[in-house]
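Engineer: Take a look at the following structure, please.
The values are calculated or read from the model by the stated rules, or taken from the named source; none is laboratory data. Because the structure is predicted, anything quoted here is derived from the model rather than measured. No Cβ is skipped: glycine too gets one built from the backbone with ideal geometry, and neighbour counts run over all protein chains shown. Note: accessible area is taken over every heavy atom of the protein model, side chains too, but ligands, DNA and RNA are not part of it. Shrake-Rupley method; radii C 1.70, N 1.55, O 1.52, S 1.80 Å.
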Amino acid sequence: MTQTIMLMGTSSHVGKSILTTALCRIFHQQGRRVAPFKAQNMALNSFVTREGLEMGRAQVAQAEAAGLRPVVAMNPVLLKPTGEAQSQVIINGRPIGNMSARDYHLGHKEQAWAAVTAALQALAAQYDTLVIEGAGSPAEVNLRAGDIVNMRVARHLQAPVLLVADIDRGGALAALVGTLELLDPEERALVKGLVINKFRGDVSLFTPAIDFLEQKTGKPVLGVVPYIGDLGIEEEDSVTLEEKAACTQSSGETALSIAVLNLPKLSNFTDFDALAAEPDVTLHYVATAAELAAGVDGRPWALVILPGSKNTSEDLLWLRAQGIEPVLQQLHAQGVPLIGICGGYQMLGQELRDPLQVESAQGTVQGLGYLPAVTTFTGEKLTVQVRADCAALSFAGQTLTAQGLMGYEIHMGTTAFTEDIVQPFYVQQADGRQTVDGAVTAEGLVLGTYMHGLFDDDVFRRQLLNALRVRRGLPALPPQRNRQREKEAAYDRLAGIVRTHLDMAQLVRIMAQGGGR
């Protein structure tokens with residue numbers, strides 16, 4: 001019989017995803033056949049599986065921690081905010097349309113719930129342990145009727161629940177007590193333990209608070225998990241992106257300062273985690289023309305990146321309204337390289353056409369004009385894993401080799417070139433078809449591609465950074481990092497910390513007993 005444990009929070013961003021990842025790793029290290037699960041995600045950070053299906057990024061990290069290839073059953077429902085109080089609804093990896101929260105709950109909630117129960121059944125047939133993540137808080141009474149991700153899942157499985165609070169935010173004790181108070185008696189009975197997360201300081205001084213919580217709630221505190229900095233594990237929450245944007249570093253004498261435009265609907269920001277982890281790179285999320293024009297420490301940027309967007313047309317109009325377009329033109333004239341990924345690639349063309357109003361009410365929007373390309377948005381979404389195969393690309397004054405780079409595409413538009421291009425960016429799809437996925441301009445200063453994961457390859461990433469270094473008069477460096485090895489080490493480190501600070505013996509007993517009274 002499959003054992004389960006479910007992690008719910010007193011609010012969003014209390015660390016449920018990371019603790020779920022930790023438990024997946026711990027149980028994997030113990031030899032269990034363990035899989036992660038989250039019924040419904042709301043995030044702009046997503047991934048495409050080998051089958052060409054779209055799912056939330058956090059469950060990809062959790063699957064990796066469990067030693068598994070990610071499959072969409074681990075996250076059967078994904079909501080991607082599109083603006084104007086609407087989201088694209090993705091069920092079993094395929095979009096079913098853009099809709100308001102009301103329309104979704106009134107017309108598609110039960111379809112989504114059917115996908116959730118089918119996914120749980122499929123996973124339970126393959127794995128002996130499921131680590132399940134909730135969303136937000138189960139105590140949001142206005143959302144309870146439409147719940148398919150918190151207590152409805154716990155009741156369906158009779159899964160024991162750990163309730164997690166973030167003490168770094170303050171008010172953790174009140175949040176735990178208040179959340180339990182707002183649950184129905186049946187739901188409260190499913191909560192088998194409490195976890196304090198992101199603790200800083202001397203935990204021995206926290207003992208009176210633990211005693212209070214256990215006496216007040218009748219629930220054991222299974223652990224006080226410390227704040228863990230520099231996790232090195234991909235996350236998907238928009239709050240995480242806000243923290244990344246706020247935590248820019250001061251670049252050293254030899255550092256390459258790279259700017260990522262912080263678009264309102266920026267998606268897949270994990271594309272840039274591998275760059276940010278390099279010792280000679282400082283990554284900055286830039287949202288104003290003044291920041292972009294200023295550079296860092298009186299020097300212009302080594303590279304500017306236009307990232308992916310869930311609403312390319314509207315983000316391009318926002319970019320213009322902020323006065324960023326003339327700054328990009330000025331930087332380009334100064335020889336600063338520019339890379340566009342997915343929506344950013346679409347912006348680099350001559351025109352964006354949206355006759356069906358797939359993304360916005362804008363019929364046609366003029367592009368930035370760096371590439372001779374026109375993008376037309378259609379109702380069909382392309383989600384596919386790809387491999388880049390380009391023998392030689394002249395970019396930033398150097399020749400880059402992009403062969404065997406693995407990544408994926410997620411986009412609604414199709415892009416056609418209006419004239420021959422000198423440097424096409426070729427990719428091969430899963431069915432073996434080779435397509436032109438992007439291009440580099442003739443002068444070698446602008447690169448655009450639909451490919452997410454471009455910077456994850458260790459060799460290509462270092463080639464690119466060395467081109468930027470040589471451009472700055474700095475010596476080239478050998479590859480500095482092994483991304484896959486570092487991720488595995490990060491999962492092991494996380495598991496070690498959580499294992500130390502969580503009562504695993506009591507957790508195992510709770511899982512063996514299940515959610516019954």
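Engineer: Starting from the Cα-Cα distance between GLN484 and ASP184, subtract it from 0.36 nm times their residue separation and give me the gain in nm to one decimal.
Structural biologist: Computed gain between GLN484 and ASP184 is 103.6 nm.
Engineer: How large is log10 of I(q)/I(0) for the chain at q = 0.12 Å⁻¹ when the intensity is taken from the Debye formula with one equal scatterer per alpha-carbon?
Structural biologist: -1.12
Engineer: Here is a follow-up. Assigning unit charges at the beta carbon (Lys, Arg +1; Asp, Glu -1) and nothing else, what dipole magnitude in debye, to the nearest 20, does region 360-517 show about its Cα centre? Mind showing how you got there, number by number?
Structural biologist: Working: 16 positive and 15 negative charges, 171 e Å.
Here region 360-517 has a charge dipole of around 820 debye.
Engineer: What is the magnitude of the charge dipole of the chain about its Cα centre, with +1 placed on the Cβ of each Lys and Arg, -1 on the Cβ of each Asp and Glu, and no other charges, expressed in debye to the nearest 20?
Structural biologist: 1160 debye
Engineer: Taking LYS487 as the anchor, which aspartates and glutamates have their alpha carbon closer than 18 Å to its alpha carbon, excluding any fewer than eight residues away along the same chain?
Structural biologist: GLU64, ASP230, GLU234, GLU235, GLU236, ASP271, ASP273, GLU278, ASP456, ASP457, ASP458
Engineer: Work out the charge dipole of the chain with +1 on the Cβ of Lys and Arg and -1 on the Cβ of Asp and Glu about the Cα centre, then indicate which of SER394, LEU194, LEU356 is farthest towards its positive end.
Structural biologist: LEU194
Engineer: Place +1 on the Cβ of every Lys and Arg and -1 on the Cβ of every Asp and Glu in region 371-517, take the dipole about the Cα centre, and give the residue among HIS501, LEU468, ALA416 whose Cα lies farthest towards its positive end.
Structural biologist: Among HIS501, LEU468, ALA416, the one farthest towards the positive end of the dipole of region 371-517 is HIS501.
Engineer: With a ≥ b ≥ c taken as the square roots of the eigenvalues of the C-alpha gyration tensor of region 10-68, please select rounded if a/c is under 1.5 and otherwise prolate if a/b is larger than b/c or oblate if it is not?
Structural biologist: Here region 10-68 falls in the oblate category.
Engineer: I need the helices of the chain that pass two filters: whole DSSP H segments spanning 18 Å or more by Cα along the axis, and mean Kyte-Doolittle score no lower than -0.5. All intermediate terms of the calculation are to be shown ahead of the outcome.
Structural biologist: Working: long enough: 16-29 (20 Å, 0.46); 109-126 (26 Å, 0.37); 458-471 (20 Å, -0.29); 483-501 (27 Å, -1.24).
Helices passing the filter in the chain: 16-29, 109-126, 458-471.
Engineer: Take every Cα pair under 8 Å in region 352-416 that's 6+ residues apart, average their separations, divide by the length, and report that relative contact order as a whole percent.
Structural biologist: Here the relative contact order equals 33 percent.
Engineer: Assuming 0.36 nm per residue, please report the length gained on full extension of the stretch ARG155 to GLU351 beyond their Cα-Cα distance.
Structural biologist: Full extension of this stretch gives 65.5 nm more.
Engineer: Using a probe radius of 1.4 Å on heavy atoms only, what accessible surface per residue do you get for region 326-420? Whole Å² is fine.
Structural biologist: 40 Å²
Engineer: Another one. Near LYS109, which lysines are there with a Cα under 29 Å away, not counting those fewer than 8 places off in the same chain?
Structural biologist: Cross-link targets: LYS16, LYS38, LYS80, LYS192, LYS265, LYS310, LYS381.
Engineer: Output ³J(HN,Hα) for region 407-413: one whole-Hz value per residue in order, computed from phi by the Karplus curve 6.51 cos²θ - 1.76 cosθ + 1.60 with θ = phi - 60°, and x for Gly and Pro.
Structural biologist: Calculated HN-Hα couplings, in order: x, 7, 10, 9, 6, 8, x Hz.
Engineer: If you don't mind, there's one more thing I want to ask. What distance in nm separates the simple spin-label points at ALA391 and GLU325, each placed 7 Å from Cα in the Cβ direction?
Structural biologist: Those two pseudo-labels are separated by 3.9 nm.
Engineer: So what is the relative contact order of the chain, in percent, for Cα pairs below 8 Å that sit 6 or more residues apart?
Structural biologist: 15 percent
Engineer: Full-extension gain between THR500 and GLN513, please, as 0.36 nm times their residue separation minus the C-alpha to C-alpha distance.
Structural biologist: So the chain would gain 2.4 nm between THR500 and GLN513.
Engineer: Oh, and also: I'd like the trypsin sites (Lys or Arg not before Pro) in region 137-200 restricted to DSSP loop residues with at most 11 other Cβ atoms within 10 Å, sorted by number.
Structural biologist: ARG200
Engineer: Report, to the nearest whole %, how much of the accessible area of the chain belongs to carbon and sulfur atoms, 1.4 Å probe, protein only.
Structural biologist: Here it works out to 50 percent.
Engineer: So what are the ³J(HN,Hα) numbers for region 360-367, from phi and the Karplus equation (6.51, -1.76, 1.60; θ = phi - 60°), rounded to whole Hz, Gly and Pro as x?
Structural biologist: Going residue by residue, I get 7, 7, 6, x, 9, 10, 5, x Hz, with x marking Gly and Pro.
Engineer: Per residue of region 3-14, what does 6.51 cos²θ - 1.76 cosθ + 1.60 with θ = phi - 60° give for ³J(HN,Hα)? Whole Hz please, x for Gly and Pro, Karplus curve as stated.
Structural biologist: Whole-Hz 3J(HN,Hα) from phi for region 3-14: 8, 10, 9, 10, 10, 10, x, 6, 6, 6, 6, 8.
Engineer: Still on this model: Evaluate the Kirkwood expression for the hydrodynamic radius of region 39-87, namely the inverse of the mean inverse distance over all pairs of different C-alpha atoms, and round to one decimal in Å.
Structural biologist: Roughly 11.1 Å, rounded to one decimal.
Engineer: May I ask you to derive the relative contact order of region 265-385, considering only C-alpha pairs under 8 Å and at least 6 residues apart, and to give it as an integer percent?
Structural biologist: Value for region 265-385: 22 percent.
Engineer: I would also like to ask the following. Lys/Arg Cβ at +1, Asp/Glu Cβ at -1, dipole of region 386-507 taken about the Cα centre: which of GLY404, MET451, ALA489 is farthest positive-ward?
Structural biologist: Result: ALA489, furthest along the dipole toward the positive end.
Engineer: Out of residues 5 or more away from SER309 or on other chains, whose amide H comes under 5 Å of its own, with H placed 1.01 Å from N in the peptide plane?
Structural biologist: For SER309, the qualifying residues are SER267, GLY343, GLY344.
Engineer: Once amide H atoms are built 1.01 Å from N in the peptide plane, which residues 5 or more positions from PHE199, or in another chain, come under 5 Å H to H?
Structural biologist: VAL225, TYR227
Engineer: While we're here: Report the label-to-label distance for GLN126 and THR364 in nanometres (one decimal), using points 7 Å from each Cα along the Cα→Cβ vector.
Structural biologist: Output for this residue pair reads 4.7 nm.
Engineer: Calculate the dipole size of region 456-517 relative to its Cα centre from +1 charges on Lys and Arg beta carbons and -1 charges on Asp and Glu beta carbons; express the result in debye to the nearest 20.
Structural biologist: About 240 debye.
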